[in-house]
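All of the numbers you see were taken from the coordinates with simple rules; none came from a lab. On a predicted model such as this, the values are computed, not experimentally measured, just so you know. Ideal geometry is used to build each Cβ from the backbone, glycine not excepted, and the neighbour counts take in all protein chains shown.
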Amino acid sequence: MSTQLVVFALGKEEYGIDVSAVNGILRAKKFTITNVPGTPKVIEGMINVRGKVNYVLNLHSKFGREPNEETEENKIIMLNVGDANTCCIVDEVTDIVKLEDDNIELAPLFLSGINSKYIQGIGQIGERMIIILNPAEILTFEEYSAIDSKAG
Amino acid sequence: MAKDMQSAKSVGSGVDISKIKLSDVIDIDFLQKFQDDFATGVGLASVTVDPEGTPVTKPSSYIRRCNITHSSESGDKRCAESHRKGGEEAVRLGRPYVFECHSGLTDFAAPILLEGRLIGTILGGQVLFTPMEEEKNRKIAREIGVDEDEYVKVTQEAKILTKEAVEAAANVLFIVANSMSNDAYQQLKLKSVVDTLSDGAHQISATMEELAASASTVSANQANLNKEIKNVNTVTGKIDEVMDFIKDIADETRLLGLNAAIEAARAGEAGLGFGVVAQEIRNLSADSKQTVGKIKELTTIIKESVDNTVRMGAETTSTIEQQAAAIEEVTASVQEISSLTELLSELAKKA
């Protein structure tokens, strides 16, 4: 078996997410992100994509990283998760790759606790290591419900 | 222009002494009057001749005996020969020479010299130190074929003077004529120098004007050049704008490739071919972006080059300005020299 991943960068790290969980990629500079009051900090705001409201997650905040400076290359990955239209802003989408299962290690056991559930495994392409995210766990219940209630 | 200046330099050597005539340095009318008054006052006959022996003044106070001598063809010849010899001796000595003429009278020859060159001779005398022996007088009259009795009779009109008096009189004529002609000669030389100076000053003025004109031409050209170069900068800026646009298209193309790849992946087996196309699109966009980067590097080099050129142009402009200022200073100095030359010219004319 093999998995196709959309690979993106947050800072120096590379992350991957299964293509089946991705609806598409947008250029962040083409959209204006509107802040939504009363939502958790990880929700950057909302954008209007072809007449539909999409909520934007900031993965930097979510993973407790220092936010990177905005660049021209910033992308928004539209996710195919849950009922609400959600997406996340990343530094850059670097690749779309196909990984054989042999090249994927499961998430190590010492990564217990709340953060571990985001991580499905570690993919290897030569020297590159790609942190594969679990699309279903990207949105926590609280976040999801916060969005869901707004989306109504 | 350089040739003109050289020829102007050769004029600086001054007056050509080999071409100066007595009339160039002494006013002949003045000399005639001086000679007449002197002859009357001292009682000595005199005449001034050019280096060829041709008289340039009328004879002053000639005694009748000499007129009779000149009336005979052989007498006239003998007189001329006698004058020539006396004149030559005077030139050789460089001072007045007192001698006895062919007819036994005492004569003198005073050379007029300019830097050692003979320009004329004042001949004079027609006197005696002691009364002439009658026999000698008659012999001469016979030789030149004139009436002996008449000749003896008019000989008595010749004044008896001492040798010292004749020498002193000759000296006076010598000194006056020589200092007059030498002064005039120096003045001619001065005038020539002043003329050369004046010519030179005019040449310099003209050259300075040309220089000033060319400096302003260079300045104008440089200004145009600077403008053109700045145009290049503007165009380069526009190229950069176009490049930004192309980069944007490349980014958009890449995104299209990424989304196409996602769609292809989701289509499973059916999307494999489409996935290859999507990959190609991404490669293409990557190439475009790289090309844009290279072009931008080139336009950056052009901009730097233009900036350097503009800076050097500014340096050139300031150099030209300095030159123009220097030219102005020189022009002012030359004008000063010109007015001094005019003053000198006035003085030379008066002197």
Report task. Using just the helices of chain A, give the 222 nm mean residue ellipticity in deg cm²/dmol: DSSP H runs with n ≥ 4 each add -39,500 (n - 2.57), and the total is spread over all residues, rounded to 500. Result -> -3000 deg cm²/dmol
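Give the relative contact order (percent, whole number) for the range A:2-151; include only Cα pairs under 8 Å separated by 6+ residues. Don't skip to the end; give the middle numbers.
Numbers: 288 pairs, mean separation 41.0, N = 150.
That works out to 27 percent.
Please compute the volume of the convex hull spanned by the alpha-carbon atoms of the range B:197-350 and report it per residue in Å³. Intermediate values should be presented prior to the final figure.
Numbers: hull volume 12.0 nm³, N = 154.
Dividing the Cα hull volume of the range B:197-350 by its residues yields 78 Å³.
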Requested in this report: Using a Gaussian network model of chain B whose springs link C-alpha atoms within less than 10 Å, name the residue from B:Val194, B:Val49, B:Val146 with the highest mean-square fluctuation.
Outcome: B:Val146
Query raised in the report: Residue separation times 0.36 nm, minus the C-alpha to C-alpha distance between B:Met312 and B:Phe245: what's the value?
Result: 20.8 nm
Report summary line: Between the modelled labels at B:Phe30 and B:Val235 (7 Å from Cα along Cα→Cβ) the distance in nm is 7.8
Report task. Mind giving me the nanometre distance, one decimal, between the label points for A:Lys29 and B:Glu167, set 7 Å out from Cα along Cα→Cβ? Result -> 12.0
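Evaluated at 37 °C with a viscosity of 0.692 mPa s, what Stokes-Einstein diffusion coefficient in µm²/s does the protein assembly as shown have when Rh comes from the Kirkwood expression over alpha-carbon pairs? Let's see the in-between values first.
Details: Rh = 34.9 Å.
D, rounded to a whole number, is 94 µm²/s.
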Query raised in the report: With axes computed from alpha carbons, what is the tilt in degrees of helix B:28-42 against the longest principal axis of chain B, rounded to the nearest 10 within 0 to 90?
Result: 30
Query - Furthest towards positive pole of dipole, B:Ala332, B:Gly275, B:Gly293, structure part the range B:272-351, Cβ charges - result: B:Gly275
Report summary line: With Cα coordinates, the longest principal axis of chain B makes an angle with the long axis of helix B:2-11, in degrees rounded to 10, of 20
**Report entry** Rg followed by Dmax, in Å, when the range B:115-221 is reduced to its Cα trace
**Finding:** 31.0, 100
Report task. Please give the calculated 222 nm ellipticity per residue for chain B, where each DSSP H segment of at least 4 residues contributes -39500 (n - 2.57) and the sum is spread over every residue; nearest 500 deg cm²/dmol? Result -> -26500 deg cm²/dmol
Report summary line: Distance in nm between B:Ile295 and B:Glu89 label points, each 7 Å along Cα→Cβ, equals 11.1
Report task. Report the relative contact order of the range B:175-317, percent, no decimals, based on alpha-carbon pairs under 8 angstrom and at least 6 residues apart. Result -> 29
**Report entry** Stokes-Einstein D (µm²/s) once Rh is taken as the Kirkwood radius of the range B:16-161 over alpha-carbon pairs, at 4 °C in 1.567 mPa s
**Finding:** 82
Query - Nearest-ten-degree value, helix A:141-151 long axis tilted from longest Cα axis of chain A - result: 40
Query raised in the report: P(r) of the range B:97-177 in 5 Å steps, Cα pairs, percent per bin?
Result: 3, 15, 22, 18, 15, 11, 9, 5, 1, 0
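Please report the antiparallel percentage of DSSP beta bridges with both residues in the protein assembly as shown, rounded to the nearest 5. Write down the numbers at each step before the final one.
Details: 59 of 68 bridges.
So the antiparallel bridges amount to about 85 percent of the total.
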Query raised in the report: Based on Cβ point charges of +1 for Lys and Arg and -1 for Asp and Glu, what charge dipole magnitude is obtained for the protein assembly as shown about its Cα centre, in debye rounded to the nearest 20?
Result: 640
Report summary line: So the compactness index of chain B, its C-alpha Rg divided by 2.2 N^0.38 Å, takes the value 2.43
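Over chain B, what is the relative contact order in percent, taking alpha-carbon pairs closer than 8 angstrom and at least six residues apart? If you can, show how the numbers build up before the last one.
Numbers: 396 pairs, mean separation 55.7, N = 351.
This gives 16 percent for chain B.
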